[in-house]
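Structure first, then comments.
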Ligand code: UDP
Ligand code: MG
């Protein structure tokens with residue numbers, strides 16, 4: 001596709017091509033038990049469909065057998081490529097790399113743990129051929145998730161959609177198909193804090209959801225514990241809304257107005273009934289309360305400052321150690337810089 005410029009890629013849809021190439025992008029972090037079943041399932045999808053496929057695996061600095069397994073697969077199958085990171089950069093960075101390396105006319109991003117059912121790919125492609133630029137999977141049943149996860153995820157999406165200008169469809173993960181021009185557009189977004197679900201929604205385009213029931217993990221265990229999800233949520237808010245920053249002017253205004261009323265009341269009562277000394281408990285409560293309000297607001301400022309700091313440093317989003325492709329191992333590739 002080297003004869004086409006990036007802006008041309010962004011401008012044109014690829015749907016009409018009969019020999020369309022579909023890229024499957026799958027981030028892998030310590031997934032040694034999931035890779036073989038995943039590739040087997042994908043081979044079934046490939047055989048059943050009429051499209052051409054490539055599989056782009058991103059090894060996100062796994063410490064188990066994942067990389068060895070993936071590179072062996074790349075040796076055997078010419079349609080499999082593996083981008084191996086120099087360390088763990090996180091799923092968002094792995095997805096970013098996958099989009100950078102995918103060459104397909106449409107790109108499907110999915111997890112390797114088979115929680116994103118491969119059968120849906122055929123439906124995605126059908127919708128894509130109908131003319132949708134983005135086809136995303138919507139979990140109509142989160143039965144495989146714990147109650148706590150469902151509850152917190154639901155709360156996150158509701159709050160996010162209230163305070164952010166872009167709306168993320170509820171119960172939607174990363175599992176989706178995107179037309180090449182959507183991928184090219186996402187690749188132009190330069191930020192280092194990559195809350196991908198937000199970026200996917202931010203670029204827009206004609207989108208449609210497809211319902212599915214999310215199964216439990218086929219093997220291995222989830223890489224996202226509570227603390228990681230919590231930070232992920234804060235990343236989402238801070239990347240897509242300035243409301244947490246701006247709300248403090250209003251909170252300050254309201255508190256100032258209340259203080260004024262309270263002060264007037266005290267003056268009035270003192271004038272009518274004389275000086276009243278007791279008040280130690282209420283004084284201490286107020287001091288502590290306003291002290292914490294100030295610390296929370298400074299903390300929130302800090303969240304945004306920390307992200308500014310990360311953006312300003314402009315470090316690459318990920319560093320590639322090796323690329324395994326086409327049966328042969330490429331020479332060491334330099335880290336992809338943001339400018340590319
Ligand atoms: N993943 C990754 N890097 C990480 C954590 C996870 O590439 O640092 C991958 C993981 O291998 C899997 C996908 O992201 O393919 C989703 O992870 P997981 O299944 O643990 O998340 P959950 O389904 O529990 O939300
Ligand atoms: Mg999973």
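Only the coordinates and a few stated rules stand behind these numbers; no lab work does. Every value quoted in this text rests on a predicted model; they were computed, and no experiment measured them. All Cβ positions, glycine included, derive from the backbone under ideal geometry; neighbour counts span all protein chains shown.
A few remarks follow.
- With Cα atoms, 0 to 90° folded angle of helix 66-76 axis to the chain main axis: 30 degrees
- Mean Cα-pair separation over length for the chain, i.e. relative contact order, pairs under 8 Å, 6 or more apart, %: 23 percent
- Degrees separating the helix 243-273 axis from the principal Cα axis of the chain, which is the longest one: 10 degrees
- Residue of 220, 90, 209 that the Gaussian network model of the chain assigns the largest fluctuation, springs spanning Cα pairs under 10 Å: 220
- Acute angle (nearest 10 degrees) that the helix 35-48 long axis makes with the longest principal axis of the chain, alpha-carbon atoms: 60 degrees
- Tensor-based shape of segment 178-246 (alpha-carbon gyration tensor, a/c under 1.5 rounded, otherwise prolate or oblate): oblate
- Rounded to the nearest 0.05, the FRET efficiency derived from the C-beta distance between residue 228 and residue 165 at R0 = 22 Å is 0.30.
- Segment 46-180: relative contact order in percent, alpha carbon pairs under 8 Å with at least 6 residues between: 25 percent
- Spacing of the modelled spin labels on residue 87 and residue 218, each 7 Å from Cα toward Cβ, amounts to 3.1 nm.
- Relative to one another, the C-alpha centroids of segment 273-302 and segment 92-113 are positioned 51 Å apart.
- The slack between residue 296 and residue 4, meaning 0.36 nm per residue of separation minus the straight C-alpha distance, is 100.1 nm.
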